[in-house]
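Data first, discussion second: the structure below is written as structure tokens.
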Amino acid sequence: MKMLLANAEAWPGFDTTVDLLKQGGAGIDAMVSGIARVEREAKVRSVGYGGWPNMLGEMEFDAGVMDGTTRDVGAVGAVPATLPVSALAHEVMKHLPHVMLTGAGARRFASERGFALDEVLHPDSKRVWWERLQKEMSPEQLAAFPDIALAPLSNAITDPERVRDTTVFLGRDGGDNLGVVTSTSGWAWKYPGRLGDSPIPGAGFYADSRYGAAACTHTGEMTMRCGTSRSIVLALRLGHSLADAVELAVQELSELKTGFLAGVVIHAMDAKGNHQVVNYRCDDEIRYWYWDERMAAPELRVATAIQP
């Protein structure tokens, strides 16, 4: 059964992917096409052009692609001046013996594959970044910026919209191939070079067409420590139900007592056609998009909320 699952911010491209799946398109290709539209939408403030810069006012993008049938993976991290980075991650998967490229190397590969050098810092993001940064810096720091210690500032400055989200697409095409595509601009005001879970196989995403797929949003520092997406798929392989597999992953997250702890949203589906989206300790209501071929149109649904 064809199906597609994504977080609420996927609205600019969800219908694009649904249409391509209806037409018989391959799952990964359809999801990359859809998520690329999200990456270019300025109204989506957690991904691509609409996202927030790092502490230096520079945009750094992360993305991942996984084919659940072959378990091939392509990923990129801290990529400058490039949209859509999900498509670049797909190029890594198709054309390199590597799984991940980061930073300048990823940008070099983007140029080899014909990606333009893009202007990726939205003017409003630049304005908000600088206004917020000035409030935290002393006159001496302002005069010396950017040649100052950034770590104290990264601990003091919070996201303008508390955005730590990612766009995730999980889907199954007509050939029963499961796959996942992710993309993010990461935390606002992150320390330069920071990678979240979005480009990390097993943490931010994982897919195995025999058993299921999972992807996470929000606090990647936690899912990297627990290997959350891989834990879910492994539990499915060991015979657990989807609900039990997700519950196990939430339990692992709840066992973390040190480090940065906040909310995590888990999106998961199994090979039997079931799906589940869980909001673990996020204060706001979390919604997600769902569609399968039995439905006339996609639906925006509410995730199950779980508090520690």
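The values are calculated or read from the model by the stated rules, or taken from the named source; none is laboratory data. Computed from a predicted model, the values in this text were never measured in an experiment. Using ideal geometry, Cβ is built from the backbone for each residue, glycine included, and neighbour counts are taken over all protein chains shown.
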Tally, over region 243-299, of residues that are touching a Lys or Arg at 6+ places or on another chain (Cβ under 8 Å), of a type in the set (V, I, T) and closer than 19 Å to M31 by Cα: 1
Complete set of residues in region 75-120 that are among the charged types (D, E, K, R), touching a strand residue (DSSP E or B) at 6+ places or on another chain (Cβ under 9 Å) and closer than 21 Å to R37 by Cβ: E91, K94
Which numbered condition S209 misses (of (1) surrounded by 17 or more Cβ atoms within 10 Å (Cβ to Cβ); (2) out of contact with any Phe, Trp or Tyr (no Cβ under 8 Å at 6 or more places or on another chain); (3) closer than 20 Å to F169 by Cβ; (4) without any contact (Cβ under 8 Å) to a residue 60 or more places away in the chain): (4)
Test result for D62, surrounded by fewer than 24 Cβ atoms within 10 Å (Cβ to Cβ), of a type in the set (D, E) and in contact (Cβ under 8 Å) with a residue 24 or more places away in the chain: no
So A305, is it touching a helix residue (DSSP H, G or I) at 6+ places or on another chain (Cβ under 8 Å) and either farther than 26 Å from V18 by Cα or of a type in the set (V, I, T) (or both): no
Test set (1) surrounded by fewer than 22 Cβ atoms within 10 Å (Cβ to Cβ); (2) at pLDDT 95 or above; (3) closer than 15 Å to G50 by Cα - V120 fails condition number: (1)
Residues of region 262-281 classified as buried (at least 19 other Cβ atoms within 10 Å of the Cβ) and of a type in the set (S, T, N, Q), total: 2
Residue among A143, A106, A81 that is surrounded by fewer than 17 Cβ atoms within 10 Å (Cβ to Cβ), over 30 Å from G273 (Cα atoms) and hydrophobic (A, V, I, L, M, F, W, C): A143
Failed item in (1) within 13 Å of G77 (Cβ to Cβ); (2) surrounded by fewer than 17 Cβ atoms within 10 Å (Cβ to Cβ), with W130 passing the rest: (1)
Unmet requirement for D283, which otherwise passes all of (1) modelled with pLDDT under 95; (2) in contact with a Ser or Thr (Cβ under 9 Å, 6 or more places away or on another chain): (2)
Matching residues, region 267-302, being over 19 Å from the mean Cα position of the chain (by Cα) and part of a loop (DSSP other than H, G, I, E, B): A271, K272, G273, N274, D283, E293, R294, M295, A296, A297, P298
Subset of region 1-28 that is without any contact (Cβ under 8 Å) to a residue 40 or more places away in the chain and part of a helix (DSSP H, G or I) - its residue that is surrounded by the most Cβ atoms within 10 Å (Cβ to Cβ): L20
Any hit, region 147-166, residues being crowded, with 21+ Cβ neighbours inside 10 Å, in a helix (DSSP H, G or I), polar (S, T, N, Q) and over 15 Å from the mean Cα position of the chain (by Cα): no
Tabulated pairs, region 224-248, first closer than 12 Å to A268 by Cβ and assigned to a helix (DSSP H, G or I), second among the polar types (S, T, N, Q) and at pLDDT 95 or above, C-beta under 6 angstrom, 6+ apart or interchain: L242/N274; L242/Q276; V246/Q276
